[in-house]
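Encoded as structure tokens, the structure appears first; notes follow it.
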Amino acid sequence: MNESILIIGAGHAGVQLAESLRENGHDGTITLIDQGAQQPYQRPPLSKDFVSAQEPEALPLRSEDFYTQQRIELLTGARATAVDRAARTVTLSDGQQRSYDRLVFATGARNRVLSCPGAQDPRVIGLRTLQDAENLRRQLDGAQRVVVAGAGFIGLEFAAAARARGIEATVLHSAPRVLNRSVSRQLSDWFTQAHRADGIDLRLGEGVQSIDAQEDLLVQSTAGESHRADLVVYGIGVLPNVELAEASGLACENGILVDAALRTSDERVYAVGDCANAERDGTRVRLESVQNAADQARSLARTLCGEPTLYSDVPWFWSIQGRHRLQIAGLAQPTDSSMLLGDPGSGKFSIALLRDGQLVAVESVNRAADHAAARKLLARGERITEAMLAGASLKELANATPVAA
Ligand SMILES: Cc1cc2nc3c(=O)[nH]c(=O)nc-3n(C[C@H](O)[C@H](O)[C@H](O)COP(=O)(O)OP(=O)(O)OC[C@H]3O[C@@H](n4cnc5c(N)ncnc54)[C@H](O)[C@@H]3O)c2cc1C
């Protein structure tokens, strides 16, 4: 309980871990270091209210005095450049060295960069940091047309927020359906229609080939079309920040490899959040969500405070797609079968995903009650079948007395 804990990365995972360590009674030093210059902030609003100018300020993760009150040393503008696991030290960009008893990587992820010809133009922007968002918002003032590369969550959120500001938005997506890595085909099709109905020019199977920097940007697509834009925003996935861990000899593969207790192959070193590829039910999962970052941090805090804990919380996720709130509970796979709950035409419905006849995930659009019930059911690990879903609502099932799995 008196050990010194050094956390690299003061994002959603790192800050939650520092807080939960104190809540769980850790009395030793806690040092949080982050390469960003500002107070740790929330990322989700950056592609939503921050862009549509409904939220003028970055939202801090915790109040300014939180860190001093909780005796958490917060070093901003400090990049960790090397880890010596034998000496148990971390070197920072300004040359100073910090020692640790326990080290936690909470280094998150960075954007995959658009690399086609012309992508170096300053009007071509990826959205990950507050700086990116500020730059984007500045450039959006006075913009009339944007092209978005990638119809993943962030690309579509941004396009919808830009439309809400009256800006023309064209989205180019090289895959045949939107959100193809994350949601069921049915939901993907519904969002395609919903975004088109809201005036987004959504092009599927059409990627960005090159960008000609003229007075306007001229985006040439792989379908041979050209699209004019004042700026181009890309959201084409992220890469976990593993280089530092890798250089210190830790095993990495699509993230820093950790066991179900979030420990690396070095028993003094752990990883949480977007950068961690964790063991789960015999497979490996790396998730990119606030819930995963925060819940992994809470779980690890218990372990570090002497209560060994395996991370097994039900994953959940949300996205604001223009007028629509999407919430997902559980982890689906492309081969899962789907069952519609409610009427998509009403704009409020859910899709249940089943594997071997058992409920594994629920995607809800504007149906918060379904999402809450799904989380409850999945956490209980109850066997919910298609027949049960046909006979009762998720809420009714969640409120019924649980039966053994
Ligand atoms: C625009 C946007 C919108 C999003 N919307 C949603 C949403 O609606 N719902 C949702 O669930 N998730 C959303 N996400 C994803 C969510 O923000 C991430 O899953 C979450 O931030 C992960 O937390 P983390 O702490 O693992 O990583 P991060 O929050 O990325 O924090 C990692 C930190 O580590 C620092 N760092 C990295 N390397 C070093 C180093 N060597 N030295 C010092 N510091 C270092 C970085 O500067 C960064 O601050 C969104 C993300 C973005 C970018």
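The values are calculated or read from the model by the stated rules, or taken from the named source; none is laboratory data. None of these values were measured; they are calculated from a predicted model. For neighbour counting, all protein chains shown are included, and Cβ atoms are generated from backbone atoms with ideal geometry for every residue, glycine included. The protein model used for the area step is the full one, side chains on, heavy atoms only, and it has no ligands, DNA or RNA in it. Shrake-Rupley method; radii C 1.70, N 1.55, O 1.52, S 1.80 Å.
Within region 46-93, can you find the residues that are among the charged types (D, E, K, R) and under 16 Å from residue 15 (Cβ atoms)?
Of the residues in region 46-93, the ones among the charged types (D, E, K, R) are 48-49, 55, 57, 62, 64-65, 71, 73, 79, 84-85, 88.
The answer is 62, 64, 65, 71, 73.
Can you spot a residue in region 375-383 that is under 29 Å from residue 254 (Cα atoms), touching a Leu at 6+ places or on another chain (Cβ under 9 Å) and within 16 Å of the ligand (Cβ to nearest atom)?
Within region 375-383, none of the residues are under 29 Å from residue 254 (Cα atoms), touching a Leu at 6+ places or on another chain (Cβ under 9 Å) and within 16 Å of the ligand (Cβ to nearest atom).
Can you find even one residue in region 101-115 that is near the ligand (Cβ under 10 Å from one of its atoms), charged (D, E, K, R) and in contact (Cβ under 8 Å) with a residue 60 or more places away in the chain? Steps first, please.
At the first step, the residues of region 101-115 found to be near the ligand (Cβ under 10 Å from one of its atoms) are 105-111.
Among the residues that remain, those that are also charged (D, E, K, R) are: 110.
Now narrow it down to the ones that are in contact (Cβ under 8 Å) with a residue 60 or more places away in the chain: 110.
Scanning region 101-115 turns up at least one residue that is near the ligand (Cβ under 10 Å from one of its atoms), charged (D, E, K, R) and in contact (Cβ under 8 Å) with a residue 60 or more places away in the chain.
Name the residues in region 78-109 that are open to solvent by 40 Å² or more (accessible area, probe 1.4 Å), more than 12 Å from residue 248 (Cα to Cα), in contact with an Asp or Glu (Cβ under 8 Å, 6 or more places away or on another chain) and not in a strand (DSSP E or B), would you?
The one that is open to solvent by 40 Å² or more (accessible area, probe 1.4 Å), more than 12 Å from residue 248 (Cα to Cα), in contact with an Asp or Glu (Cβ under 8 Å, 6 or more places away or on another chain) and not in a strand (DSSP E or B): 101.
Which residues, taken from region 16-70, are within 11 Å of the ligand (Cβ to nearest atom), among the aromatic types (Phe, Trp, Tyr) and either in contact with a Cys (Cβ under 9 Å, 6 or more places away or on another chain) or modelled with pLDDT of 95 or more (or both)?
The answer is 41, and nothing else.
List the pairs whose first member sits in region 345-369 and is on the phi > 0 side of the Ramachandran plot, whose second member is open to solvent by 30 Å² or more (accessible area, probe 1.4 Å), and whose Cβ atoms are under 8 Å apart, counting only residues at least 6 apart or on separate chains?
Listed pairs, sorted by first residue: 347/366; 357/385; 357/386; 366/325; 366/348.
Given the conditions (1) away from the ligand (no atom under 12 Å from the Cβ); (2) part of a loop (DSSP other than H, G, I, E, B); (3) buried (at least 18 other Cβ atoms within 10 Å of the Cβ), which single one is not true for residue 287?
Among (1) away from the ligand (no atom under 12 Å from the Cβ); (2) part of a loop (DSSP other than H, G, I, E, B); (3) buried (at least 18 other Cβ atoms within 10 Å of the Cβ), the lone unmet condition for residue 287 is (1).
Can you name the condition, by its number, that residue 18 falls short on among (1) touching a residue at least 60 places away in the same chain (Cβ under 8 Å); (2) touching a strand residue (DSSP E or B) at 6+ places or on another chain (Cβ under 6 Å)?
(1)
Matching residues to (1) of a type in the set (D, E, K, R); (2) open to solvent by less than 20 Å² (accessible area, probe 1.4 Å); (3) touching a His at 6+ places or on another chain (Cβ under 7 Å):
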position: 197; (1), (2), (3): no, no, no
position: 211; (1), (2), (3): no, yes, no
position: 224; (1), (2), (3): no, no, no
position: 229; (1), (2), (3): no, yes, no
position: 253; (1), (2), (3): yes, no, no
position: 257; (1), (2), (3): no, no, no
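Within the set of pairs 6+ apart or on separate chains, which have a first residue in region 180-198 that is under 13 Å from residue 365 (Cα atoms), a second that is open to solvent by less than 70 Å² (accessible area, probe 1.4 Å) and among the polar types (S, T, N, Q), and C-beta atoms under 7 Å apart?
Qualifying pairs under 7 Å: 184/338; 186/338; 188/180; 191/321.
Give 266, 295 a once-over and let me know the one that is touching an Asp or Glu at 6+ places or on another chain (Cβ under 8 Å) and open to solvent by less than 40 Å² (accessible area, probe 1.4 Å).
It is 295.
Among the residues of region 257-304, count how many are within 17 Å of residue 315 (Cβ to Cβ) and basic (Lys, Arg).
Number of matching residues: 4.
Quick one: which of 141, 84, 132, 121 is acidic (Asp, Glu) and closer than 30 Å to residue 302 by Cα? Give the derivation first.
Details: 141 fails: closer than 30 Å to residue 302 by Cα; 132 fails: closer than 30 Å to residue 302 by Cα; 121 fails: closer than 30 Å to residue 302 by Cα.
Testing whether each residue is acidic (Asp, Glu) and closer than 30 Å to residue 302 by Cα leaves just 84.
Out of everything in region 266-284 that is modelled with pLDDT under 95 and not in a loop (DSSP other than H, G, I, E, B), what residue ends up being nearest to the ligand (Cβ to nearest atom)? Talk me through it step by step, then tell me what you get.
In the first step, residues of region 266-284 are kept if they are modelled with pLDDT under 95; the result is 280-283.
Next cut, not in a loop (DSSP other than H, G, I, E, B) only: 280, 283.
Working: 280: 16, 283: 20 Å.
Residue satisfying both the conditions and the ranking: 280.
Could you please give the count of residues in region 1-58 that are hydrophobic (A, V, I, L, M, F, W, C), in a loop (DSSP other than H, G, I, E, B) and buried (at least 22 other Cβ atoms within 10 Å of the Cβ)?
3
Residues in region 143-161: is at least one open to solvent by 30 Å² or more (accessible area, probe 1.4 Å) and free of Cβ contacts under 8 Å to residues at least 12 places away in the same chain?
No, because not a single residue in region 143-161 is open to solvent by 30 Å² or more (accessible area, probe 1.4 Å) and free of Cβ contacts under 8 Å to residues at least 12 places away in the same chain.
So the check is Cβ under 7 Å with 6+ separation or different chains; which pairs have a first residue in region 73-91 that's polar (S, T, N, Q) and a second one that's open to solvent by 60 Å² or more (accessible area, probe 1.4 Å)?
From residues that are polar (S, T, N, Q), the pairs are 76/37; 76/38; 81/93; 89/97; 89/99; 91/81; 91/97.
So, in region 231-251, how many residues would count as being of a type in the set (A, V, I, L, M), open to solvent by less than 40 Å² (accessible area, probe 1.4 Å) and under 18 Å from the mean Cα position of the chain (by Cα)?
Adding up the residues that qualify gives 3.
Filter region 361-380 down to the residues that are among the β-branched types (Val, Ile, Thr) and within 19 Å of residue 400 (Cβ to Cβ) and list them by number. Don't jump to the end; show me each part of the working.
Filtering region 361-380 for residues among the β-branched types (Val, Ile, Thr) gives 362, 365.
Across region 361-380, the qualifying residue is only 362.
Sort out for me the strands (runs of 3 or more DSSP E) sitting completely within region 299-405 that have 1 or more residues that are open to solvent by less than 10 Å² (accessible area, probe 1.4 Å) and touching a strand residue (DSSP E or B) at 6+ places or on another chain (Cβ under 8 Å).
Details: elements: 316-321, 324-330, 337-343, 348-355, 358-365.
So the answer is 316-321, 324-330, 348-355, 358-365.
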